[in-house]
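Since the structure comes first, as structure tokens, the remarks are kept for the end.
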Ligand SMILES: Nc1nc2c(ncn2[C@@H]2O[C@H](COP(=O)(O)OP(=O)(O)OP(=O)(O)O)[C@@H](O)[C@H]2O)c(=O)[nH]1
Ligand SMILES: [Mg+2]
Ligand SMILES: [Zn+2]
């Protein structure tokens, strides 16, 4: 049975990319009964009912490595966090939350500092310095001089990358340029799905020439972290790692304890204070949620 990747789903039809091109597949009632609905990013096994019309049935959904409800997408392998220095003003805590979610789900994060045409080089260096100690790959980009675009294209190779970040940072702009330059020529895009309701709000995987896929998402202004306990938050900050074991207390929260190696590293400038402040905010928020749940 052929195996394929769901690129998008519209009104009960799924566009599936198999080895020999695109098919439009429906799902068996059995999935609905089990409460499973296929997501873009799902790897599926499908049977072909009409080769000429390129139609089939989805018979099996492979186990997901991860999945998200908002936006609905499965098997994300990389997240590109887009931010800017000025317009809009960066929401560092939002970026940190997305980074935490990425590390929690074993997704490779990269950071894009976009609109560098509006930023002087010192400001840019200041922003890069926030994320470099965490070992993150940072790409300065702008559409005016095309800075960073080919570096990004290179980083997309072989990954299924979701673009996320505040509204107005330039996610769609970046993806439109990427698609203009590097969208894969797809064969037979079936009619049926083209005629279906189509809005840009629909989550879809766009195949690139480099065996990478990109997904645009609408910007969000807030993000709630699920599946993270405040106790474990520090372990999702890569730059805390080498200090954590040196704190005086086992299970130190790095908030109020004395002889905290993480806090000392912040004071010494080895951990960036913006990352640490974000950590405190997120920690308090998670703790509050925890107490609400168990009180
Ligand atoms: N100066 C400058 N403006 C840019 C750049 N990239 C994008 N913009 C502008 O930023 C604005 C917002 O861009 P979008 O691509 O719509 O932003 P978005 O992140 O997709 O926003 P949402 O869809 O609301 O989440 C547009 O006016 C773009 O033209 C850039 O490199 N430099
Ligand atoms: Mg957009
Ligand atoms: Zn500590």
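Kindly list the number of the only condition in (1) within 21 Å of residue 273 (Cα to Cα); (2) crowded, with 22+ Cβ neighbours inside 10 Å that fails for residue 86.
(2)
Any residue in region 5-31 that is without any contact (Cβ under 8 Å) to a residue 12 or more places away in the chain sitting within a Cβ distance under 9 Å of a residue that is part of a strand (DSSP E or B)? List the pairs, counting only those 6 or more apart or interchain.
Filtered contacts from region 5-31: no entries.
Report, by residue number, each residue of region 146-166 that is part of a loop (DSSP other than H, G, I, E, B), buried (at least 17 other Cβ atoms within 10 Å of the Cβ) and in contact (Cβ under 8 Å) with a residue 40 or more places away in the chain.
159, 165, 166
Go through region 209-244 and give me each residue that's in contact with a helix residue (DSSP H, G or I) (Cβ under 8 Å, 6 or more places away or on another chain), within 16 Å of ligand 3 (Cβ to nearest atom) and not in a loop (DSSP other than H, G, I, E, B).
Matches in region 209-244: 230, 233, 234, 235, 236, 238, 239, 240, 241, 243, 244.
Only residues that are closer than 24 Å to residue 243 by Cβ and in contact (Cβ under 8 Å) with a residue 12 or more places away in the chain: list them for region 111-139, please.
111, 127, 128, 129, 130, 131, 133, 134, 135, 136, 137, 138
Of everything in region 179-188, what is within 22 Å of the chain's Cα centre (by Cα) and either at pLDDT below 85 or crowded, with 20+ Cβ neighbours inside 10 Å (or both)? Give them in sequence order.
Listed by number, the list holds a single entry, 184.
Looking at 115, 26, which is the one that is farther than 22 Å from residue 159 by Cβ and in the same structural domain as residue 206 (by TED's automatic domain parsing)?
Step by step, each of 115, 26 is checked, and only 115 is farther than 22 Å from residue 159 by Cβ and in the same structural domain as residue 206 (by TED's automatic domain parsing).
Please find, within region 248-260, the residue that is farthest from ligand 2 (Cβ to nearest atom) out of those that are within 24 Å of residue 129 (Cα to Cα) and crowded, with 19+ Cβ neighbours inside 10 Å.
Among those residues, the one meeting the criterion is 260.
So, in region 225-236, of the ones that are surrounded by 14 or more Cβ atoms within 10 Å (Cβ to Cβ) and under 17 Å from the mean Cα position of the chain (by Cα), which residue ends up nearest to ligand 2 (Cβ to nearest atom)?
Checked region 225-236; the qualifying residue nearest to ligand 2 (Cβ to nearest atom) is 225.
Residues in region 220-244 that are farther than 22 Å from residue 287 by Cβ and assigned by TED's automatic domain parsing to the domain that holds residue 288: how many?
Qualifying residue count, region 220-244: 1.
If we scan region 222-244, do we find a residue that is within 28 Å of residue 81 (Cα to Cα) and within 16 Å of ligand 1 (Cβ to nearest atom)? Spell out how you get there, then give the answer.
Here is the first cut: in region 222-244, the residues within 28 Å of residue 81 (Cα to Cα) are 222-244.
Still in the running and within 16 Å of ligand 1 (Cβ to nearest atom): 222-223.
Checked region 222-244: at least one residue is within 28 Å of residue 81 (Cα to Cα) and within 16 Å of ligand 1 (Cβ to nearest atom).
Could you grab me the full set of residues in region 261-276 that are surrounded by fewer than 16 Cβ atoms within 10 Å (Cβ to Cβ) and either more than 29 Å from the chain's Cα centre (by Cα) or in contact (Cβ under 8 Å) with a residue 24 or more places away in the chain (or both)? Give the steps one after another, and end with the answer.
Initially, region 261-276 is screened for residues surrounded by fewer than 16 Cβ atoms within 10 Å (Cβ to Cβ), giving 264, 267-270, 273.
If the condition is that a residue be surrounded by fewer than 16 Cβ atoms within 10 Å (Cβ to Cβ) and either more than 29 Å from the chain's Cα centre (by Cα) or in contact (Cβ under 8 Å) with a residue 24 or more places away in the chain (or both), then 264, 267, 268, 270 are the ones that fit.
Give just the number: which of (1) out of contact with any helix residue (DSSP H, G or I) (no Cβ under 9 Å at 6 or more places or on another chain); (2) closer than 24 Å to residue 9 by Cβ; (3) at pLDDT 90 or above does residue 191 not satisfy?
Status for residue 191: all satisfied but (3).
Table: residues versus (1) surrounded by fewer than 20 Cβ atoms within 10 Å (Cβ to Cβ); (2) away from ligand 2 (no atom under 16 Å from the Cβ); (3) in a helix (DSSP H, G or I).
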residue: 81; (1), (2), (3): no, no, no
residue: 100; (1), (2), (3): no, yes, yes
residue: 110; (1), (2), (3): no, yes, no
residue: 132; (1), (2), (3): yes, yes, yes
residue: 139; (1), (2), (3): no, yes, no
residue: 144; (1), (2), (3): yes, yes, no
residue: 173; (1), (2), (3): yes, no, yes
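The values are calculated or read from the model by the stated rules, or taken from the named source; none is laboratory data. Predicted model only: the values in this text are computed from it and were never measured. Using ideal geometry, Cβ is built from the backbone for each residue, glycine included, and neighbour counts are taken over all protein chains shown.
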